[in-house]
Amino acid sequence: MLNYIIPQEKRNQGDKDPMFESAVNLILESGAASTTFIQRKLSIGYARSAKILDEIEEAGFIGPSNGAKPREILIKSVNGQWQVTNPPKEQELTEEEPQIKWNKTKYSDDKSDQFEINLGVDEKNRNINFNLERYGNLLIIGSQFTSAVDLLNNILVNSMAKYSPEKLRIIAIDGVKGDLIAPNQASHLLTPLIVEPEKSISALKWSVSEVVRRMKMESQIDNSKVLILINSLNQILNYSPSDVEDHLYRLIIQGRKYGFYFVIGTDYPNSGISKEIIANSPAKLVFKPTDKKIAKYTGIPESADLTSPDEAILETMFEGKKKITIQKLNPKEIYEEIFE
């Protein structure tokens, strides 16, 4: 194992955690600097692990959180000795690949002053729009046998078609690789479509930092809205429940005021989904489950009586329940039209 001797001046900067040096050596040995890695290897809680990582960053040994990218390790071997290199410049959640240009089309004329997403049509074939600015987040519950993923793709492509990249930025997280469809160079995307669980956590952590930054600003006028769209939350929670839940809960509680909105798709709820996340979801859309017990657990027992995989029941805090039907779009055709 590589043992890095912490310089005395680094040790005396504040009250370092007793496991500070152990964490530094773990990072050097593995080449990995993540909260979940330190948490797992040192058998400590997430909050403590995150604090240690912040201390290591403050000491100049690793770079800041960089969105979906791994942290840069700023310690290298020079003539057999470990040395700290120059600290990195401040970085944001951006992608180096050139982005493709967005074209304003007929879709951009079909939008309201507030951030709304189209969910489908009601029983009278009237469009059902959901106001994300009012509710902040929407929880979509449905299995692979329903049109839940189709709806997520509808929301993703519609949002890009209606709103310019200056008005709306997007973080799309695909818990089941291949479900979500989006061009990686789309100018709305803060980072290419995320399919790796650890990058999901990094993106959520960046989002928390951005919310904190916006809190400190006197004006929110120049900030674009940010939509975080997640497919298969269950799969992401399997990787690191504490990381995902902590960041999601904070974002759901504080994000709406500062322009962060969520659409979260998940299989039918179980003990793997935080009760706090469910409790703070003022709107949910439920597709037909496999049996009535699951339907009852979702809080919408009527979903057991749905007769088509395209049907779902939307329930909001203030508008009650309504049955809707998903109208499947062709995302690839729309992307070809709005991007060049």
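The values are calculated or read from the model by the stated rules, or taken from the named source; none is laboratory data. Bear in mind that the values here come from a model prediction, so they are computed numbers and not experimental data. Cβ placement follows ideal geometry from the backbone for every residue including glycine, while neighbour counts extend to all protein chains displayed.
Details
- Odd one out for SER242 among (1) over 24 Å from ILE100 (Cβ atoms); (2) polar (S, T, N, Q); (3) touching a helix residue (DSSP H, G or I) at 6+ places or on another chain (Cβ under 8 Å); (4) crowded, with 20+ Cβ neighbours inside 10 Å: (4)
- The stretch 1-52, residues that are part of a helix (DSSP H, G or I), hydroxyl-bearing (Ser, Thr, Tyr) and modelled with pLDDT of 85 or more: SER22, SER49
- A single entry from ILE277, ILE300 fulfils the requirement of being more than 20 Å from LEU180 (Cα to Cα), crowded, with 18+ Cβ neighbours inside 10 Å and over 25 Å from the mean Cα position of the chain (by Cα): ILE300.
- Residue match in the stretch 326-340 (condition: modelled with pLDDT of 90 or more, of a type in the set (D, E, K, R), under 23 Å from the mean Cα position of the chain (by Cα) and assigned to a helix (DSSP H, G or I)): yes
- Within the stretch 251-269, tally of residues that are touching a residue at least 24 places away in the same chain (Cβ under 8 Å), in a helix (DSSP H, G or I) and under 15 Å from ARG214 (Cβ atoms): 5
- Test result for ILE201, buried (at least 22 other Cβ atoms within 10 Å of the Cβ), in contact with a helix residue (DSSP H, G or I) (Cβ under 6 Å, 6 or more places away or on another chain), assigned to a strand (DSSP E or B) and at negative phi: no
- Residue in the stretch 174-187 that is within 13 Å of ILE228 (Cα to Cα), in contact with a strand residue (DSSP E or B) (Cβ under 8 Å, 6 or more places away or on another chain) and without any contact (Cβ under 8 Å) to a residue 24 or more places away in the chain present: no
- Candidates PHE287, PHE318, PHE339: the one that is buried (at least 20 other Cβ atoms within 10 Å of the Cβ) and of a type in the set (A, V, I, L, M, F, W, C) is PHE287.
For (1) at pLDDT below 90; (2) within 19 Å of LEU227 (Cβ to Cβ); (3) surrounded by 15 or more Cβ atoms within 10 Å (Cβ to Cβ), each residue gets a yes or a no:
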site	(1), (2), (3)
LEU93	yes, yes, yes
GLN99	yes, yes, yes
ASP110	yes, yes, no
ILE117	no, yes, yes
ASN127	no, no, no
LEU139	no, yes, yes
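- Just one of (1) modelled with pLDDT under 85; (2) more than 12 Å from the chain's Cα centre (by Cα) fails for VAL244. It is (2).
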